[in-house]
């Protein structure tokens, strides 16, 4: 019983942290993008305003049970990844469920939500949603390859599939894995572009073509939960990268610094580029990123 | 002693003679008499077979002239087995064709006489112990076969019969040459005597005689490339006669050839020769069968292929190989007869006998189609039906002799076989029926005959022990050449004083 | 007891067939009683280790049950019984039902026979019985018999003949047909035989397990059989191939000095099968074809697991084998339900069934989640063990290949659910009702079992572990798995229970929030009430996206899919037919030619007489 309360408490605190940081990052993203494109852009806290507005909407419509449950599915992925990914080194934050699942479990729980939400999007009957979903799934089949290659490279190099163990190794040796496994880091970093779906990989939402794709037909409380889940998930993913490759973090400030600098990469990668077509995006991930992944595995096997 | 082997020749010949005479008295007797004769002979051969397996070969001397001077009949487990098989097939074919040419009495008389002659000739080939006598029986068989091929008196059947006749006369010529060669060298025509004295022959004459035998008998045994006559003859002869060809006549031909090769001469390389020629026959025939458009022709090629397989099995030469060969012969006789009998109902009214005319016929002829399907499945060797056991014994025999390549070849050819049989089956069952095709319902007796064959397939399939004992005895008897010579010649010794 | 089991099935099959002529009710009763009777006897009367023998055709036949065969019998009878109930309703009103039920029971009988055979000859006989009884099912509908039917029978026969060759070789060498003796004498065979016997056996088994490159029969055969049988066909019958493969790998390949080669080749063939099966499944518009290709892919994973052969890999293969029976059984049944209720199985034709067939949807959803391997359902357990075993046994590239296949599998998983159940609800399908309870309940039962297995995989891992011990593996309980914990060889673990509870908790928490918040102001609108490019579609306009669903993805993988195994086979077949046509012309029909042949034959032999009879 004590354990359950402990975990619930930890979950709530982690959630609030991730929510705050995630929403802030998204706001900053909008601001920075605007500045690069020579616009003034919204203030950095604009996303807070958006979320609060959505959350306080009175009416909402849905097209069926699956759509109704969609945001709950995506929330499961966000919160579960947050619970499994250690937030700070050596459990200086809440231990949550860090020891209960390994990387493979994490990989799979990370697709649970998107697929659940895809079902909800499918039920709306809006063709844009379905098109967005097919694009998203195709892109996922693309970026998962270098991403898994990077993870496998880490696993075989250090003979563990546990995130906590990988963090401890970095703490003990004092060497970040991004330097001891450079190819794995490169592959993972490029895979991250697909995960965050910013330009030129924003084929799923694709504002001009698909009118935000799977998200269309969602409003009010549904969009509220989705946006919150999205920002929490973004923070969780960034933390995972920091944990795996950048030596983790000893306190929250370092964590924020590291995650934000990492976040700049997908944000700035193609900010002025036009959007890829779906097959181009898929092929992109099977090109150089997968080659780096392969190198990472070879590196791990022979060195 | 219930009866003597000589009855196998005498009774049907007598009956064949009596049929037209009795026909004047009572028309139905023309149809009944052959059946009675065959039934009695079946009983006789079964009892003799039982006796022979336990007490040893019966040698019957005709007219008191002891071997090696006179003509003798040898009822050994091997010849007994084949005799029984042939008479059984003859009997079933009789049941099937009981109502054949129901209206045309004269035609029926001819048909039954010729059928009886065909069976008698084939049984004679198997039973006789004298090589010239065998030649005579081959001629009897062939002439009845020519006549039966041309039975329908159409253009095509006449042509087929003529081809058969032409090739058949070549066969007779070579056989006579071979026999003459032997007689000039050894001065004897008795098989056992020839076998005992074969070493006295000059090797070049021996081989020459062997080659003439192979060519002459190979035509009867349908080995490639001597089998050009066969597809036409099978396709043009009446349905039951196709069954008789594949179930009776060919078996006699193969027997004669094997007897010459295994018993008469002891020449190195015969086994390898049999294997090679058998494989070639098998492959060419099965490959030709795939693209046939006529049902009976397809069955004919399949029949040739199966005989190739039998010859390969004989070529293995071990007891297991011979066992497998005899088993294959037995199953082939039963299954291919069933296919011919049921197949001829499937294309009964069609002039071209095209395979495409069987489309969807299962709805009209459920039982016949089912039996045809049973036969097809059995002949490609699917367990638990009869064909499986013979194929299996063939494979183990080959494996024992380390002839792995043969296993591979035989099985690949089986795949081809499978394709063309299943294509026909699919047509029978699943294609839409063509409107213009007229269906002929099988008569009761035809159904009975086919049902009997189907039952035999099931019995052998589920309980192969019912026949394996006889097959073992027969294969031992073929391979034990010394015993054959002794059995035959010692009869003479006993009689002489 | 085995006698009784087999005679019940055989007698029941014949009785059912005969009863068909009398009355439909009698036939259905016989059919169900036979199935239930067999299952009942199997679970209550049959004890592991029992052996019966008798002889036929001078062969000694031996039948018996061990834990390994028990595990596979479990799959066969479990799925078989549920499919039998389903079939009663699904097949209602179709033609030739006696024939269908007869073949159904015979194929169940032959599968049980296969796993219970302790000698090669009865193994082979049952194997062939399985082939022709399932062939009857493939051709049952009468569609494409000349193509798919012949394909199926041809490939099966190819495999069977390979096996027959192996059996003949074994028999020629040890003069015994007992499987136990074959295994114990395997070490004394010559090196050539030691390689060839397992290869020949594996050829036979990989045909049934639909492994590349012998899989081409599968999509056609699976999609042409009636769905009530396809669930058994893909779920249980293909597992006979896996059963044989496991046997061969454990008892023979592992004794070879260069077994790594074998293992690598087969593991890769399995992985390639998985990838290609997945890609082709993505491209299908016909739900039956999609599931058929997906079956091929799923069997690929299992083959990889078997080939790797470490205890974790074998455990995952066994687990996945049972799981595949569960979820693919459910999915084929769901397709059957949709087919029966709507008359079509094309994604591009039927949409928006979720509100009409909710139970079918739920069952399909759960099965799809399990198929995709997503926690918290059973599929994840199998996938996890497979990945970890591959990583632990240093198959790094292989694990990427498998991972690629299972990530791409999400695409067709989504297509399946979206195509039938989601999208716009059309008037055309307004009349559609949920399938009868007899069809829905078996699906829901299997789906429910999948849910339980997600948290407590130990239920199934326990018998799998016992089965592996029969094969000579060390017990794995406690260090590779316990009731709801999974371990890999490095000691990393997944504690399923807290994870599943957490998932359920979070999901329910947010679901309640979503539901309660603004309960009164939340309203349901139809799928026609959407905004599309600023317009609201009219009632008759169907905007569901279902044609060229994954076109961009297929374009991306286009180069791989350009080459199809089946075209090669087709070309080979066409070439062979040309050759056959040529040989046919050897027989010209001209008597003179034939006479010349005779003379040529004579001359050749005369010339070569010294070579031939030297």
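The values are calculated or read from the model by the stated rules, or taken from the named source; none is laboratory data. Just so you know, these numbers come straight off a predicted model, no measurement behind them. All Cβ positions, even for glycine, are placed from backbone atoms using ideal geometry, and neighbour counts span all protein chains on display.
Consider residue C:522 carefully, then state whether it is at pLDDT below 80, at the interface with another protein chain (Cβ under 7 Å from one of its Cβ atoms) and in contact with a helix residue (DSSP H, G or I) (Cβ under 9 Å, 6 or more places away or on another chain). For residue C:522, the condition - at pLDDT below 80, at the interface with another protein chain (Cβ under 7 Å from one of its Cβ atoms) and in contact with a helix residue (DSSP H, G or I) (Cβ under 9 Å, 6 or more places away or on another chain) - is not met. Within the set B:196, B:147, B:192, B:180, the sole residue that is part of a helix (DSSP H, G or I) and under 28 Å from residue B:98 (Cβ atoms) turns out to be B:147.
Going through (1) at the interface with chain A (Cβ under 7 Å from one of its Cβ atoms); (2) in a loop (DSSP other than H, G, I, E, B); (3) within 29 Å of the chain's Cα centre (by Cα) one by one, residue C:548 falls short only on (1). Scanning region C:412-441 for residues that are closer than 30 Å to residue C:266 by Cβ and either within 10 Å of chain A (Cβ to nearest Cβ) or in contact with a strand residue (DSSP E or B) (Cβ under 8 Å, 6 or more places away or on another chain) (or both) yields C:412, C:413, C:415.
From the list C:423, C:472, C:478, the lone residue that is over 30 Å from residue C:180 (Cβ atoms) and either modelled with pLDDT under 85 or outside the structural domain of residue C:268 (by TED's automatic domain parsing) (or both) is C:423. Working only within region B:400-430, note down all residues that are free of Cβ contacts under 8 Å to residues at least 12 places away in the same chain and more than 9 Å from chain C (Cβ to nearest Cβ). Result: B:405, single match.
Being away from chain B (no Cβ under 14 Å), under 43 Å from the mean Cα position of the chain (by Cα) and crowded, with 19+ Cβ neighbours inside 10 Å is a description that does not apply to residue C:566.
Just so you know, in region B:268-278 the residues that are touching a helix residue (DSSP H, G or I) at 6+ places or on another chain (Cβ under 6 Å) and touching a residue at least 12 places away in the same chain (Cβ under 8 Å) include one that is farthest from residue B:379 (Cα to Cα), and it is B:270.
Looking at C:447, C:370, C:405, C:409, just one residue is away from chain A (no Cβ under 14 Å), crowded, with 23+ Cβ neighbours inside 10 Å and in contact (Cβ under 8 Å) with a residue 60 or more places away in the chain, and that residue is C:447.
Is it the case that residue C:63 is within 18 Å of residue C:321 (Cα to Cα) and at pLDDT below 90? No: the conditions fail for residue C:63. Taken over region B:436-453, the criterion of being part of a helix (DSSP H, G or I) and either within 14 Å of another protein chain (Cβ to nearest Cβ) or surrounded by fewer than 23 Cβ atoms within 10 Å (Cβ to Cβ) (or both) is satisfied by B:444, B:445, B:447, B:448, B:451, B:452. From the list C:113, C:149, the lone residue that is in contact with a helix residue (DSSP H, G or I) (Cβ under 7 Å, 6 or more places away or on another chain) and at pLDDT below 85 is C:149. Counting residues in region B:326-335 that are away from every other protein chain (no Cβ under 14 Å), modelled with pLDDT of 90 or more, farther than 19 Å from residue B:78 by Cβ and surrounded by 24 or more Cβ atoms within 10 Å (Cβ to Cβ) gives one or more.
Within the set C:163, C:129, C:111, the sole residue that is away from chain B (no Cβ under 11 Å) and on the phi < 0 side of the Ramachandran plot turns out to be C:111. Quick test of your reading of the structure: residue B:389 fulfils all but one of (1) buried (at least 24 other Cβ atoms within 10 Å of the Cβ); (2) more than 7 Å from chain C (Cβ to nearest Cβ); (3) at negative phi. Name the failing condition by number. Only one criterion is unmet by residue B:389, namely (2). Output the residues belonging to region B:248-271 that are at pLDDT below 85 and closer than 19 Å to residue B:333 by Cα. The answer is none; no residue qualifies. For region A:182-205, the candidate set comprises residues that are part of a loop (DSSP other than H, G, I, E, B) and touching a helix residue (DSSP H, G or I) at 6+ places or on another chain (Cβ under 6 Å); within that set, the residue that is farthest from the other protein chains (Cβ to nearest Cβ) is A:198.
Residue-by-condition table, conditions (1) assigned to a helix (DSSP H, G or I); (2) at pLDDT below 90; (3) at the interface with chain C (Cβ under 9 Å from one of its Cβ atoms):
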site: A:51; (1), (2), (3): yes, yes, no
site: A:61; (1), (2), (3): no, yes, yes
site: A:68; (1), (2), (3): yes, yes, yes
site: A:76; (1), (2), (3): yes, no, yes
site: A:87; (1), (2), (3): no, yes, no
site: A:90; (1), (2), (3): yes, yes, no
site: A:95; (1), (2), (3): no, yes, no
site: A:100; (1), (2), (3): no, yes, yes
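Restricting to region C:580-614, count the residues that are part of a helix (DSSP H, G or I), in contact with a helix residue (DSSP H, G or I) (Cβ under 9 Å, 6 or more places away or on another chain), within 19 Å of residue B:284 (Cβ to Cβ) and more than 7 Å from every other protein chain (Cβ to nearest Cβ). Of the residues in region C:580-614, 2 are part of a helix (DSSP H, G or I), in contact with a helix residue (DSSP H, G or I) (Cβ under 9 Å, 6 or more places away or on another chain), within 19 Å of residue B:284 (Cβ to Cβ) and more than 7 Å from every other protein chain (Cβ to nearest Cβ).
Considered as a group, the residues in region C:483-519 that are in a loop (DSSP other than H, G, I, E, B) and facing another protein chain (nearest Cβ under 7 Å) include one that is surrounded by the most Cβ atoms within 10 Å (Cβ to Cβ), and that residue is C:492. Over 21 Å from residue C:308 (Cα atoms) and assigned to a loop (DSSP other than H, G, I, E, B): which single residue out of C:428, C:434 fits that description? Going through C:428, C:434 in turn, the sole match is C:434. Listed by position, the helices (runs of 4 or more DSSP H) inside region A:114-181 whose residues that are facing chain C (nearest Cβ under 9 Å) and at pLDDT 85 or above number at least 2 are A:127-158.
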